[in-house]
Structures are given as structure tokens and as C-alpha cells.
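Just so it is clear, none of the values below were taken in a lab; they were calculated from the coordinates. What you see is a predicted model; the values in this text were computed from it and never measured. Neighbour counts run over all protein chains shown; Cβ positions are idealised from the backbone, glycine included.
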Amino acid sequence: MAILYALVARGSVVLAEFSATATNASAIARQILEKLPGNNDSHVSYSQDRYIFHVKRTDGLTVLCMADESAGRRIPFAFLEEIHQRFVRTYGRAVLSGQAYAMNDEFSRVLSQQMEYYSNDPNADRINRLKGEMSQVRNVMIENIDKVLERGDRLELLVDKTANMQGNTFRFRKQARRFRSTVWWRNVKLTVALVIILLVIVYVILAFVCHGPSSAFIVSIHFHDPILPISLVWVNECHSQAEKAIKQRRRRVGEGEEEGRRKNSMGFVSGIVVGLAFGIGLVFGFAYYANIRSRRRSELATTVAAFTRMTVEDSRKILPGETYPSWVVFTHRQKLSLHFLLYLTWLNSHLTKIWPHVDEAASELIRTTVEPILEQYRPIILQSLTFSKLTLGTVAPQFTGVSIIDGEKGQGVIMDLEMQWDGNPNIELDIRTRVGVGLPIQVKNIGFTGVFRLIFKPLVDEFPCFGAVSYSLKEKKKLDFTLKLVGGDISAIPGVSDAIEETIRDAIEDTLTWPVRKIIPILPGDYSDLELKPVGLLEVKLVQAKDLTNKDVIGKSDPYAELFVRPLRTRMKTSKTINNDLNPIWNENFEFVVEDVSSQHLTVRIFDDEGVQASELIGCAQFPLSSLEPGKVKEVWLKLVKDLEIQRDNKNRGQVVGAIGALVLPQWNG
């Protein structure tokens with residue numbers, strides 16, 4: 001047995017003691033109590049033969065134990081700390097006035113139990129306990145690795161099958177191209193044969209029309225009168241004159257008929273030729289168009305296949321920076337390897353299994369956490385805004401991506417998890433207007449896609465090796481939901497739907513979106529340095545805008561500017577309105593609090609003031625604060641675009657110019 005004797009005393013007055021062996025430990029302990037210097041707190045050890053007496057004095061209360069030399073110092077002092085806490089917790093202020101051995105009957109049993117525990121139980125030593133826990137963790141990890149390797153073998157089979165399918169795809173593509181070429185040549189041959197046949201028919205028709213047999217009308221006139229004799233000379237002369245007249249008439253008639261036949265045949269032939277030419281041109285034109293269409297589709301398929309094989313570095317080299325949305329940030333991240341894919345599969349599978357329990361446990365927690373935030377951002381037209389129903393539904397979120405960001409030394413471990421949730425929660429808001437009307441509003445069709453950032457910091461030498469976890473919504477790619485008035489149409493109440501939707505979005509933006517972060521302590525300690533704090537004050541001078549797009553049909557726009565670093569109503573700054581001017585000059589100064597220079601932007605929106613109606617957006621622009629130098633003023637021209645998420649906007653919406661400077665604070669991290 002490692003610990004053989006223990007006592008608790010106030011000064012030299014022994015309040016309780018217990019001895020597990022028959023020795024003179026009690027007498028030696030009293031001598032030690034008399035020799036302890038003053039009332040100062042102390043942790044000392046005294047050697048006596050083969051035993052060590054360990055003493056702990058705190059706030060006038062002394063705890064002493066005798067242990068073997070083999071017990072060392074860590075276990076006995078852990079025993080003394082436990083005894084001290086139990087004694088103070090049990091008797092409180094009675095310790096200050098207790099008589100000798102006043103607590104011995106009751107507390108000696110506690111001393112006996114704790115001596116037995118710290119002497120024989122290996123878990124009594126924290127180091128041994130941590131080693132045991134680490135051993136268990138190692139065994140679990142080995143088991144998981146074995147499962148991963150088993151799944152990896154299956155994935156390798158799938159990869160081989162995928163490679164075979166890819167090879168078959170390429171072979172099928174070649175065969176398809178060869179078959180398409182064969183069919184195309186077959187069509188060409190058929191077209192040529194058809195053209196030759198048509199040409200032969202045309203030739204036969206032309207030969208028949210131009211060189212066929214012709215007929216002539218022979219007119220014979222006989223003069224015969226056997227009764228009246230006429231002179232032969234006169235008859236011959238008359239006959240000659242008649243023949244001349246008939247020949248002349250026949251010549252004129254034949255020439256007219258020949259000319260008519262020639263004109264008719266030429267018109268017929270020209271019609272046939274034009275028709276054949278049009279038909280042949282139509283056939284060749286269709287074949288040419290089909291060939292071009294097939295070639296373009298083949299080029300498009302090749303381009304799409306090339307883009308699917310592009311890496312992030314390839315896309316950064318080929319595509320310009322303005323091609324990407326503003327939420328796309330390239331950092332040095334680890335590749336999504338097989339282990340990460342397996343991790344995501346494992347995580348999504350287990351999250352689906354435990355989701356009903358998460359729904360049951362988290363619903364009330366979300367209600368108590370979110371309701372004060374909604375109350376803080378409650379619009380002025382509402383008297384109250386609370387939850388009447390709140391469940392997360394049966395559909396669990398799915399994690400679609402994971403990356404580890406290589407930060408600088410001392411920044412801890414940073415993990416980004418991309419999450420997608422198209423859930424079916426049952427959320428019903430109970431709102432009450434200023435006039436006392438209660439409205440049940442149902443939140444439906446929630447669709448969310450975003451990237452959550454987890455920061456494990458600080459890293460410590462105590463299990464689980466990090467002191468706290470910070471989480472934040474790094475990128476909000478999509479947040480869609482619809483509001484429905486239970487038993488009616490919410491659009492029938494003007495302003496309520498827009499006010500509630502704006503409240504929800506503002507609450508998410510202000511309480512969860514980066515650089516705002518929530519901190520969960522894991523180990524005891526002070527983690528105030530992890531909280532979001534101002535690091536600088538941004539000074540902006542809005543000078544002017546040029547060549548703004550005119551949004552008014554009659555006259556010119558009435559522009560004003562809205563500026564912010566964080567899209568919170570309390571932090572947004574608005575300029576004055578310049579009436580009827582597309583080149584307004586403001587010359588106004590604004591100040592903004594900055595929390596994270598590396599990720600925050602200055603956003604400028606230019607609106608057309610429509611009076612009592614909602615203002616119309618002319619354009620917007622962003623300026624990254626990371627490009628600023630502390631204490632220096634920078635004049636910038638910002639091109640206005642329609643949507644900051646889509647930078648490819650070639651329409652000229654105007655420009656805005658301003659002078660941007662940073663008033664440095666001691667915490668500036670620039």
C-alpha cells in the first residue's frame with residue numbers, strides 16, 4: 001500500500017486522522033506540525049527512514065500523509081489536494097473552531113477510502129489515466145484505420161471499374177466518330193448519285209426539246225378545170241405567182257412557229273435548270289450545316305471534358321480574377337484525398353443516424369439562444385417576435401467538403417467544413433403587431449449552403465490537446481426560405497414579410513458570419529483573446545461618382561450612397577441625396593470599426609432615391625481592406641456592378657471615387 005497514514009489539522013490541533021499500519025507515524029506527524037514555519041501556505045516533504053511525510057498547508061488547514069518512497073510525490077500530493085477539498089466542502093467554517101478530533105469519527109472513513117483508492121487504483125494518477133485514455137483512443141483509431149483500409153480496398157475496386165468505364169467511353173467515342181464519318185460519306189455518295197441522275201434526266205429533256213423530229217405543213221394547190229381551157233402561159237404564170245405567195249406565207253408562218261417553239265422550249269429548260277440548281281444547293285447547304293453543327297458539338301464536348309479535369313491551379317491560370325464570385329477565396333489547403341472523402345462519408349452517415357436525437361436536444365437550446373437575438377433585431381412595426389414551434393425536421397445536413405488551412409504557428413488548427421441543408425423543419429413564429437394583432441408565421445422551404453470554420457485554439461499539452469473551439473459561418477453561399485401566414489396570405493399585410501425576412505438575415509449576419517465567432521471552452525482557462533475585438537478604425541471620404549446609369553424615365557436619377565464594412569443596420573452609413581445629377585459630388589467623411597483586416601471589405605452601394613417608394617439600386621462595389629497600409633490614405637476608383645457575387649458585368653454603370661485611410665489602433669494586425 002503506497003499511502004499508510006493521513007491526518008487533517010488546524011495548526012497543531014489534529015481534527016481527524018487514520019493509520020493503515022501500526023507505526024509511530026502519529027508521533028512523527030505531531031512533531032512535523034510543531035516544526036512547520038508560521039501560517040504561510042506550503043508544500044513540503046520530509047524523509048524518515050524509508051517513508052516520506054508529505055505536507056500541504058493552505059489557509060491555515062494542514063493535510064499530512066505518510067507514504068512509501070516508491071509512491072513518489074505526484075500521487076501523495078494529489079491525495080492531499082483531494083482530502084483538502086473534501087474536508088473544506090464537508091465542514092466549511094466549522095474548521096476554524098473545531099476541537100481536537102471533532103471530525104475524526106466521520107472523516108476517518110473518508111481518509112481510509114481515499115488512501116485505498118490512491119494506493120491501489122491506477123486511475124488515481126492523472127498521467128496514468130491519460131495514458132489509459134490515450135491507449136483507448138489509439139485502439140479506436142487502429143480499429144477505424146482497419147475499417148478505412150477495408151473500405152479503401154473496396155474503393156480501389158470501384159476506381160478500377162471506373163477506369164474501365166472510362167476506357168470503354170473513349171473506345172465508344174472513337175467508334176461513334178467512325179460511324180458518324182461512315183454515315184456522312186454514305187449520304188454524300190447518295191447525294192452525288194442523285195445529282196448525276198437528275199443531270200441525265202435534264203440532258204435527255206434538253207436533247208428531246210432541241211434536237212427532236214420537226215414537222216412541216218405542206219400545202220398543195222391544184223388548179224384543174226377541164227371545162228374552160230386556159231392558156232398554158234397564163235396558167236404557168238399564175239401558178240408561179242401562187243407558188244411564190246404560198247412559199248412566202250409558209251416561210252412567215254414557219255418562222256413565227258419556230259420562234260414560238262424556241263421560246264417555249266427555252267423557258268421550260270431554264271425553269272428545269274433553276275429548279276435543279278435550287279434543289280442541289282438546298283441539299284448541299286443542309287449537309288454543310290449538319291457538318292458544322294456536329295463539329296461544334298464535338299468541340300463543346302471536348303471543352304467540357306477538359307474543364308472537368310482542371311485543377312484549382314489550372315483554373316487560376318486560365319480564368320481572370322473577376323470571373324469568380326466574391327466568396328471564392330484561394331488559400332493553401334490540403335487536397336481532398338481519399339481519407340477526407342471517407343471522413344465525410346463517415347460523418348454524414350453518423351449524423352443521419354443521430355439526427356433525431358440532435359433534433360430533440362437542440363430544439364430547446366436553439367429556442368432559448370435565438371429568441372433574444374430576434375428580440376434584439378425585432379423591427380419597430382412588431383411588438384414581439386418569438387417561437388411557438390421549433391423542430392429541425394427529419395432531414396440531416398450533409399457535409400460536402402472539408403479542408404485544413406495551413407495557418408501560421410500559434411494559430412491553432414483551422415478546419416473549413418462545407419455544409420448543405422435542404423431540410424423540412426417545423427418552425428412557426430408567433431408575432432404580434434403594434435396594434436395587438438397576433439399572427440402565426442410559418443418558415444418553410446429552407447435551403448442553406450455555406451462553409452463553417454472551426455478553429456481549435458490554443459493548442460495545449462493536456463488531452464484533448466486544445467483549449468477551446470471557435471466556430472463561425474465563413475461563407476454564406478445560399479440562404480433561401482419562404483414565409484407563410486398560417487390560414488392566410490402574408491402578402492396581404494404590407495411590410496410584415498419583408499421586415500421578418502430582413503430581421504432573420506440581419507441576425508444571422510451579425511451573430512454568426514465571419515469574422516464574428518462563437519467560442520466553446522473545452523478546458524478551464526481565459527479565452528478572452530479569442531473573442532472578436534476591434535483592430536482598427538477605417539476613415540473614408542466619399543468624394544464623387546461619375547457616369548451613373550439613369551434610372552428615371554423623366555429627368556435624371558437622384559443618387560445617394562450607402563457604405564458599410566459589416567452589413568448591420570446600426571453600422572451602415574448613408575450619404576446625402578444629390579437631386580437630378582448623374583455625376584454627384586458628396587465630399588462626406590465616414591468612420592467604420594474594423595475587426596478583421598484580412599477578410600473584411602468596404603462595400604459601397606449607389607441608389608436612386610424614389611421618394612416614398614423603395615430606392616432602386618444603380619450599382620455597387622467593394623474594396624478589400626487587406627490592400628491598405630496602416631496610417632496611409634489611398635485614393636481609389638471603384639467600378640460599379642449590378643451584383644457583387646457576379647463580377648462579369650460589362651455594362652457601364654458608372655464609377656465612384658473615394659479616399660480611404662486607416663486610423664491605426666494598437667491592436668491593428670495589418
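Within the same chain, lysines fewer than 8 places from Lys632 are excluded, and of the rest, those with a Cα less than 28 Å from its Cα are Lys533, Lys541, Lys546, Lys573, Lys576. Per-residue Cβ neighbour counts within 10 Å put Tyr527, Tyr560, Tyr118 in the sequence Tyr527, Tyr560, Tyr118, beginning with the fewest.
The alpha carbons of segment 3-124 give a radius of gyration and a Dmax of 13.1, 37 Å, in that order.
Enclosing the Cα atoms of segment 338-529 in their convex hull gives a volume equal to 143 cubic angstrom per residue. Phi angles of segment 421-433 translate, via the Karplus equation with coefficients 6.51, -1.76, 1.60 and θ = phi - 60°, into HN-Hα couplings of 9, 10, x, 10, x, 10, 10, 10, 9, 10, 10, 9, 7 Hz per residue; Gly and Pro are given as x. Paramagnetic label reach from Lys651 (point 7 Å along Cα→Cβ; backbone nitrogen cut-off under 16 Å): within segment 590-614, residues 606-608. For Thr400 and Asp41, what is the calculated FRET efficiency with R₀ set at 56 Å and r taken between the beta-carbons, to the nearest 0.05? Using R0 = 56 Å, I get an efficiency of 0.50. The label point for Trp637 and the one for Phe481, both projected 7 Å from the Cα toward the Cβ, are 4.4 nm apart.
Bridging of Lys56 to lysines at a Cα separation below 19 Å is possible for Lys35, once same-chain residues fewer than 8 apart are set aside. Counted by Cβ distance under 10 Å from Tyr560, the other residues give a net charge of -2, where Lys and Arg count +1 and Asp and Glu count -1. Here each label is just a point 7 Å from Cα along the line to Cβ, and for Ala193 and Lys444 those points are 6.4 nm apart. Sorted ascending by nearby beta carbons within 10 Å, beginning with the fewest, Val8, Val63, Val535, Val636 become Val636, Val535, Val63, Val8. Each 5 Å bin from zero holds the following percent of Cα-Cα pairs in segment 536-664: 2, 11, 22, 23, 20, 13, 6, 2, 1, 0.
Spin-label model, Leu365/Gln48: points 7 Å from Cα along the beta carbon direction are separated by 5.2 nm. Measuring r between the beta carbons of Lys533 and His357 and using R0 = 41 Å, the FRET efficiency lands at 0.65. 3J(HN,Hα) along segment 387-401, derived from phi through the Karplus expression 6.51 cos²θ - 1.76 cosθ + 1.60 where θ = phi - 60°, amounts to 8, 9, 9, 7, 9, 8, x, 9, 9, 7, x, 10, 8, 10, x Hz, with x in place of Gly and Pro. Extension gain for the segment Lys174 to Glu462, taken as residue separation times 0.36 nm less the Cα-Cα distance, is 97.5 nm to one decimal. Listed by chain and number, the lysines whose C-alpha is less than 29 Å from the C-alpha of Lys244, apart from same-chain residues fewer than 8 away, are Lys263.
Can you give the extra length, in nm with one decimal, that the chain gains between Lys247 and Asp526 once fully stretched, where that is 0.36 nm per residue apart less the Cα-Cα distance?
Numbers: separation 279, 0.36 × 279 = 100.44 nm, distance 13.46 nm.
87.0 nm is the gain from fully extending Lys247 to Asp526.
Between segment 567-627 and segment 428-459, the C-alpha centres lie 27 angstrom from each other.
Taking every lysine pair in segment 338-529 that is 8 or more places apart or spans two chains, those with Cα atoms closer than 19 Å amount to 11.
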